[in-house]
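As structure tokens, the structure follows; a few thoughts come after it.
What follows is calculated from the coordinates using simple rules that are stated; it is not laboratory data. The shown structure was predicted, so the numbers you read here are calculated from the model rather than taken from an experiment. In this analysis, Cβ positions are derived from the backbone assuming ideal geometry, glycine residues included, and neighbour counts consider all displayed protein chains.
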Amino acid sequence: MQTELLGVIVTFVLVLLMAFPLGKYIAKVFQGERTFTDFLNPLERLIFKFSGIDPHRKMNWKDFLKAMLTINLLWFVYAFVLLLFQGHLPLNPDHNPSQTPDLSFNTAISFMVNCDLQDYSGESGLTYLTQIFVVTFLQFVSASTGVAAVVALFNGIKEKSTSNLGNFWNYFVKTITRIFLPLCLVVAIILAFNGTPTSFAGKDTIITMRGDTVNVSRGPAAGMIAIKHLGTNGGGWFNANSAHPLENPNYLTNMVEMMAQILIPVAMIFALGFYTGKKRFAYVIFWVMTLGALILIVPSMVAEIGGNPAIAKMGIAQPTGAMEGKEVRFGPAYSGFWGVMTTVISTGSVNGMHDSYMPMSGTMQLLAMMVNGFYGGCGVGILNYYIYIIIAVFISGLMVGRTPEFMGHKVEAREVKIAALVTLLSTFLIKGGTALAAYVFVHHPDVGWAMKPTAWLNNSGFHGFTEMLYQVTSSNANNGSAYAGMTGNNVFWNVMTGFVLILGRFLPIIGPIAIAGLLASKKYVPQSTGTLKTDSLTFGAMTFAVIVIITALSYFPALALGPLAEYFSVH
Amino acid sequence: MERNKNNRLFSGDLVGGALKHSFLKLSPKIMVRNPVMFTVEIGTVVMLAVTIYSYTVNDPTIGNFWYNLSIFIILLLTVLFANFAEAIAEARGKAQADSLRKTREETPAKKVMRVGDIFMNEVKVVPSSSLVKGDLFVAEAGDTIPMDGEIIEGLATIDESAITGESAPVIREAGGDKSSVTGGTKVLSDRIKVKVTTSPGESFLDKMIALVEGASRQKTPNEIALTILLASFTLIFIIVCVTLKPYADYAHTTISIAAFISLFVCLIPTTIGGLLSAIGIAGMDRALRANVITKSGKAVETAGDLDTLLLDKTGTITIGNRKATHFWPAPGIQERTFIESVVIASLADETPEGKSIIELADVKGFKAPSLATDKDVRFVPFSAETRSSGIDLPNGMKIRKGAFDAIRNIVQKAGNAFPAETEAKVKEIASNGGTPLVVSLNGQAQGVIELQDIIKPGISERFQRLRKMGVKTVMVTGDNPLTAKFIAEKAGVDDYIAEAKPEDKMNYIKKEQAGGKLVAMMGDGTNDAPALAQADVGVAMNSGTQAAKEAGNMVDLDNDPTKLIEIVEIGKQLLITRGTLTTFSIANDVAKYFAIVPALFITSIPTLQALNIMHLKSPSSAILSAVIFNAIIIPMLIPLALRGVAYKPIGASALLRRNLMIYGIGGIIAPFIGIKLIDMVLALFM
């Protein structure tokens, strides 16, 4: 058990240590300072020239968002069409079929928004063409969209008074060439050398010891799995995701994949400090996020290591902890850690089946996705956290007797309105989506759809409720992990989560950037001793309190009826 | 007429009127201004319908009549309590304003009659209410001034104690910066002719009363932003409650309408929602209690944000004028001889400085001789040209006192040398912030009188306090930079404007504002008016000119320049009260969840009993306790809302920690205790 814990601690500490210099490097890249990757300059110039982009054009927040949303729309159409016709396109050695319209709607959105909710299984639902040119492609660009967006926020925080939030295309291209490509290369090579397939050949056939013939899916997977984690995407090549022995062959790859997903979200926090010069502010954010993550991680690990109380009641010893739904090569400690970490940072890749985890883990995973700002996804984690900051600034500003200010700009009705709307939206999407599903499930169980609602859930009672809640929460948080007990591939879930995905992705990006743009264009107010310092631990604690209270108040009833009720019935 | 400075929060007559208004304010037209309480009112109406329905029909899913009736009554009380909070705040403000207004009720006015635009010499006594803007009236010793106005002719001593509570009479005269008179004050001597500057019902006080009454009260920017935040919390809880229905269906639980509405009302921030407007009104009321009339609620709020205060030196930082503090005889001159000539030279000097010289001599045991009867004594008055004054005695003595260079000229013209020691003393005095007055007798330097500004006791502590609030103080003075610097250092102001001309104030304000700062200033003169208008908070003195009063956004009835400090604190208190009560209100919800959610589901999901950490007796007692707590917390916090949460200048972070501990942590714990106690009481009956 000690070795297991050591594995977790080493992973966590190592990745935090690596994130610091990476953050410094990222800040340099976006500031246009000299870095060792400058040899890529000609390549970037070529891309800009070819696309007719002026990377130096100044953009205000509206221009910035316009550029971002337009290109995302194009990607959606492109992905949707390719998925719809993949069966007839090349690079399909296994002769997999095309996706249904509702499934390809869901899949295209899901990957475009960095969620990677997969209502199909990778082995049979995609072809190598769509795996590479839709899924992997979108994994790169969606992660880069998030990073580019947060750099706009950095500009808003850095400048005293400006309407210029930087150039979307410039940040976007550089994120890919300078950050994701080099890092992916490293991770992919490690994976490939540890047994992850990198072949264009179709299914392999093996004969098991029992004499059965088994087809084993393969493909050029290593590269995709690298960006899947580095870009906090989470969509696996194989259906079993990182629990699959080819996707995550051993303990070393497990550690590498874990580190890969934590790396950039944490590095972005440090980048915030280096880029804006407000290092203390960044460190406070880092500690608040780390504390929040640990508060979620520890109970889950304790629960998984402790084993299932229901089994314990039967008088069965569980020296290895709760092993249902987990891989023997990872063990309960690392699986518990992974389960919460992947929800804390919006990756959503799994190395065990969350559906089988202890109710405590389910609670923590749900909470992690409801907050979605303790680290969070690439770039977007900080954007989500920023909304909490604005609300904390507003309330605490009043509490110290001054019109609230953030970074020298007065926070007024308009900014509060946007922040409140974004907060409201998460509650609306998660609770509303779950309510709609529960309503249909209860009142129209036998409606004449291809898949009747009665067939959605593999479990009844509290656990069934948690499955639905989890599916919607995962969609809203752009997480993509699934409580596998539910069948999501049907019209209702594909379409409903499709809308949740798209709203849950873009409004929480548009909101913070709009606020940052509005604030940055206001008159700069110099700090005085009466100004609340937003880089103090006190303010960090305030933000933390705001996050806890908002999350608790919004979701307590839903959690009580799902995982909490299950927890109390097991204990 | 002593002004009513009653600080008791609930005096009987106020409560009566406020109770009546609590019901009148139930009108949806008024309620809709407050989205949070408006939704509670809707909930109350629905509950009324449910109560009636449950009386006529026996439907187990609706619950029994008495239970529904209790919920209805508690909800109604919640709304009424909130209305009462607002009404009592208004009533207090109005009572305060009324006591000021009483001073100007019907008094006889000596109106100067006119034909068209030509004023006659005829004076007729009319009731004060018949005066309109532009009329002239005369006021003589013993008269009460009938209406606010500006003196156009004459000078008078006036007792303003009815307005300011200050018993010492003040002088008001035509022209200049002290030409305003206020209705209700009394003329003690002389005769003045006054032009009425406001029509009845349009004075600043009338405007303020209208603000308090809510007719013209506009929400301030922070209030709007807070209302948005509260409205969005309300929306979140609407979502929480609406979605609970399908969740409950899934869990095969029926939740009664009463329970839904109770949950909703408990969750939405009714505490702050109910007290929000009372807090705003109380802020203006507190300003009024400090004898400051504000023209808008926004001005009070802005005061809390001030970064820079411009203060006139004289009267604010120093007491009145300079005083003689030392006599420094020139070498070879006896101190006694020096003092004698100094006193003689100052006998005819009516300036405060001149008088202070005689006072100092008196302290040193030198009695002033009487020269007034001697007809051959010639007084030489001060002139800007000679920059000296003096006296020529019949025995041929010519004594002069004045600025250093003026006297040095006299001395050198007489062929004498100016002693180097005296010159050194002059420089020393100037660099210590004093003003040297040099004295000569028959063309020979006699010595120097040192005049010093007397800094008000306790003023540097007040500036210290302001600095801790993050407010920078700037002293404005006509003194030379050297003197100004010395006094600035001694008084502890952060900056100064020396040799200030009226436009310097304006420029300084603009400069600070360009740097994003909010600036306040106080002024009384017409030449202050542009700067008063430019400043974010301009406080005009009530004794000041009409132009100054029009330009500023506050009027200080006490004419007290240090009032700005109080105004800043009132502004901060206003924001703090809002912020802390919001925090408290939202923190309360944690306990309410633990009371209501288990109560809703306990019958169908018994394991959720584990969430009933307060061990409330039954589901219905739990819900009732939560709703009752939610209602009574409003009246319990009214005193706090009206008095305001205390502001302590301990730095923003420390203040935040303090308020988070009290109102955040306290806000989480308090309802656990309160709900449990109420439940224990209810358990006796249920």
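Below is a table of values for the structure above.
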read-out: Space enclosed by the convex hull of the alpha-carbon atoms of the stretch B:559-620, per residue, Å³; value: 101
read-out: Charge dipole of chain A about the Cα centre (unit charges at C-beta), most positive-ward option of A:Val548, A:His409, A:Ser356; value: A:His409
read-out: Cα convex hull of the stretch B:261-396, projected area averaged across orientations, nm²; value: 16.8
read-out: Axial C-alpha extent at least 27 Å, average Kyte-Doolittle at least 0.5 - helices from chain B (DSSP); value: B:35-56, B:65-102, B:221-250, B:270-289, B:563-601, B:619-643, B:666-685
read-out: Span-like helix ranges in chain A, DSSP H, alpha carbon extent 24 angstrom or more, Kyte mean at least 0.5; value: A:2-31, A:61-84, A:137-158, A:251-276, A:279-306, A:380-399, A:413-443, A:491-520, A:537-559
read-out: Histogram of C-alpha separations across the stretch B:507-581, 5 Å bin width, %; value: 3, 18, 23, 20, 18, 11, 5, 2, 0
read-out: Projected area, mean over directions - chain A, Cα convex hull, nm²; value: 26.5
read-out: Convex hull volume per residue in cubic angstrom - Cα atoms of the stretch B:553-686; value: 127
read-out: The stretch B:479-539: Cα Rg divided by the 2.2 N^0.38 Å rule of thumb; value: 1.16
read-out: At 1.567 mPa s and 4 °C, Stokes diffusion of the stretch B:331-405 via Kirkwood alpha-carbon radius, µm² per second; value: 100
read-out: Rg/Rg_globular for the stretch A:275-369, with Rg_globular taken as 2.2 N^0.38 Å and Rg from C-alpha atoms; value: 1.26
read-out: Per-residue average of Cβ from other chains inside 10 Å of A:408-417; value: 4
read-out: Three principal axis lengths of the stretch B:261-336 [C-alpha, angstrom, descending]; value: 96, 22, 20
read-out: Computed [θ] at 222 nm, helices only, for chain B once each DSSP H run of length n ≥ 4 contributes -39500 (n - 2.57); value: -16500 deg cm²/dmol
read-out: q = 0.09 Å⁻¹, the stretch A:15-277: log10 I(q)/I(0) [Debye, one scatterer per Cα]; value: -0.44
read-out: Inverse mean reciprocal Cα-Cα distance (Kirkwood Rh) of the stretch A:108-153, Å; value: 11.2
read-out: Stokes-Einstein D for chain B, Kirkwood Rh over Cα pairs, 25 °C, 0.890 mPa s (µm²/s); value: 82
read-out: Helix-only CD estimate at 222 nm, as mean residue ellipticity for chain A, using -39500 (n - 2.57) per DSSP H run (n ≥ 4); value: -20000 deg cm²/dmol
read-out: Measure of compaction for the stretch A:171-245 (Cα Rg per 2.2 N^0.38 Å); value: 1.32
read-out: Net charge dipole size for the protein assembly as shown [Lys, Arg +1 and Asp, Glu -1 on Cβ; Debye, nearest 20]; value: 700
read-out: Whole-number D in µm²/s for the protein assembly as shown (Stokes-Einstein; Kirkwood sum over Cα pairs; 4 °C, 1.567 mPa s); value: 36
read-out: Mean separation of Cα contacts under 8 Å, 6 or more apart, over the residue count of the stretch A:15-277: relative contact order %; value: 27
read-out: Positive-end residue of B:Ala97, B:Ala299, B:Thr253, charge dipole of chain B with Cβ unit charges; value: B:Thr253
read-out: Extension gain from A:Val186 to A:Phe200, taking 0.36 nm per residue of separation minus the Cα-Cα distance; value: 3.0 nm
read-out: Coarse-grained scattering of the stretch B:347-475 at q = 0.16 Å⁻¹, given as base-10 log I(q)/I(0) from a Debye sum over alpha-carbon atoms; value: -0.89
read-out: FRET efficiency, 1/(1 + (r/R0)^6) with R0 30 Å, evaluated for B:Glu153 and B:Thr107 via beta carbons; value: 0.90
read-out: nm² value of the averaged projected area, convex hull over the Cα atoms of the stretch A:444-571; value: 11.6
read-out: Positive-end residue of A:Ala226, A:Gln31, B:Thr234, charge dipole of the protein assembly as shown with Cβ unit charges; value: A:Gln31
